[in-house]
């Protein structure tokens with residue numbers, strides 16, 4: 001199958017450090033290539049891939065020193081995609097709704113994975129205009145604000161089996177990883193550490209938009225003997241950081257569409273303590289791979305119950321539900337269905353050959 005993957009240009013594919021969407025695009029792209037597909041990746045020039053790379057800009061725009069407005073680069077990339085539309089059986093967009101007006105006017109077989117939150121009021125009138133566009137959710141909860149969209153499927157994120165090695169001996173600290181922002185609530189993580197007396201390590205980036213929040217609300221809280229702020233880390237450091245933790249804290253205060261951090265922790269064998277928002281109940285098996293909480297008191301109590309959670313069970317859950325081969329297989333099925341609808345043919349679903357996914361004992 002000839003497949004185009006269209007990534008955002010804010011980070012390279014994969015990102016050097018933090019980056020959710022671009023990391024998922026990388027995992028999916030590499031798996032699709034491994035399955036024998038002819039894949040073209042539209043991304044920044046500093047991306048690393050076994051697919052055919054078409055560059056939309058010289059480097060990831062978040063750290064590009066001279067980039068003031070990222071929109072022109074995305075529109076130029078979209079022009080590249082549409083100019084080559086006949087080269088592909090299906091185009092898979094990861095840039096949300098940006099391409100809708102142009103795709104409507106092209107004889108293009110396409111799908112769009114929506115990676116962000118959909119509860120923003122500004123989105124409803126736009127999506128209402130483009131109701132025919134086939135879109136894919138990353139959790140069923142993500143659909144709640146706009147259930148009437150043309151949902152072509154739901155695909156949970158997955159990461160490579162061997163990206164992280166599981167560690168079955170519990171660590172001695174709590175971990176907070178990802179991004180420091182009001183909705184991620186690092187202040188809650190700090191409070192949990194203080195109340196339990198267990199050290200907290202924070203490995204997270206600070207975006208420009210969140211710099212004021214970090215300086216005013218979070219930085220003063222870091223001056224405590226239990227709190228260690230590490231900063232932004234990449235995949236090379238992430239396995240050790242998460243694998244050596246007692247538990248990963250996800251004290252979010254927003255409708256998280258998915259939350260890659262949770263499955264990264266499970267891949268390392270590390271239980272997750274997460275607040276009940278967004279996709280959390282779809283990803284975490286309460287009592288089996290961690291605990292779902294609704295208050296600070298419940299979070300503190302959950303930390304005390306972490307020894308009840310089997311780290312082997314966390315790894316097994318990752319291997320059964322959240323791997324890249326499973327993700328690619330589900331996307332392949334959706335591609336085939338969309339191609340069949342476009343051509344008017346009856347879809348013949350060809351299941352990719354599964355890789356060795358034997359679970360740990």
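A compact table of results
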quantity: Likely footprinting exposure, 241, 318, fewest C-beta neighbours within 10 Å first; calculated: 241, 318
quantity: Sorted by Cβ neighbour density within 10 Å, fewest at the top, the residues 275, 127, 173; calculated: 173, 127, 275
quantity: Segment 51-142: C-alpha gyration tensor shape, a/c 1.5 cut-off, then a/b vs b/c; calculated: oblate
quantity: Estimated FRET transfer efficiency when R0 is 41 angstrom, pair residue 151-residue 224 (beta carbons, to 0.05); calculated: 0.35
quantity: Difference of contour (0.36 nm per residue) and Cα-Cα distance, residue 340 to residue 107; calculated: 82.5 nm
quantity: Principal-axis tilt of helix 296-305 within the chain, Cα atoms, nearest 10 degrees; calculated: 80 degrees
quantity: Angle between the chain longest axis and helix 324-343 axis [Cα atoms, degrees, rounded to 10]; calculated: 30 degrees
quantity: Segment 174-319: relative contact order as a whole-number percent, Cα under 8 Å and 6+ apart; calculated: 23 percent
quantity: Rel. contact order, % - alpha carbon contacts under 8 angstrom, at least six apart, segment 1-113; calculated: 29 percent
quantity: R0 of 41 Å, Cβ-Cβ distance residue 79-residue 240: FRET efficiency to nearest 0.05; calculated: 0.45
quantity: Paramagnetic label zone (point 7 Å from Cα along Cα-to-C-beta, residue 254; backbone N under 19 Å) in segment 195-239; calculated: 203-219, 232-233
quantity: Nearest 10 degrees, 0 to 90: helix 186-196 Cα axis against the chain principal axis; calculated: 30 degrees
quantity: Cβ-derived FRET efficiency at R0 25 Å, residue 45 paired with residue 86, nearest 0.05; calculated: 0.55
quantity: Normalised contact order of the chain, rounded percent, pairs of Cα under 8 Å and 6 or more residues apart; calculated: 15 percent
quantity: Global geometry of segment 1-67, whether rounded, prolate or oblate, following the gyration tensor of its Cα atoms and the 1.5 cut on a/c; calculated: prolate
quantity: Cβ-based exposure ranking for 192, 227, in which fewest neighbours within 10 Å come first; calculated: 227, 192
quantity: Distance-filtered residues of segment 256-278 - backbone nitrogen under 18 Å, label point 7 angstrom along residue 305 Cα→Cβ; calculated: 270-277
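All of the numbers you see were taken from the coordinates with simple rules; none came from a lab. The shown structure was predicted, so the numbers you read here are calculated from the model rather than taken from an experiment. As a convention, Cβ positions derive from the backbone with ideal geometry for all residues, glycine included, and neighbour counts pool all protein chains shown.
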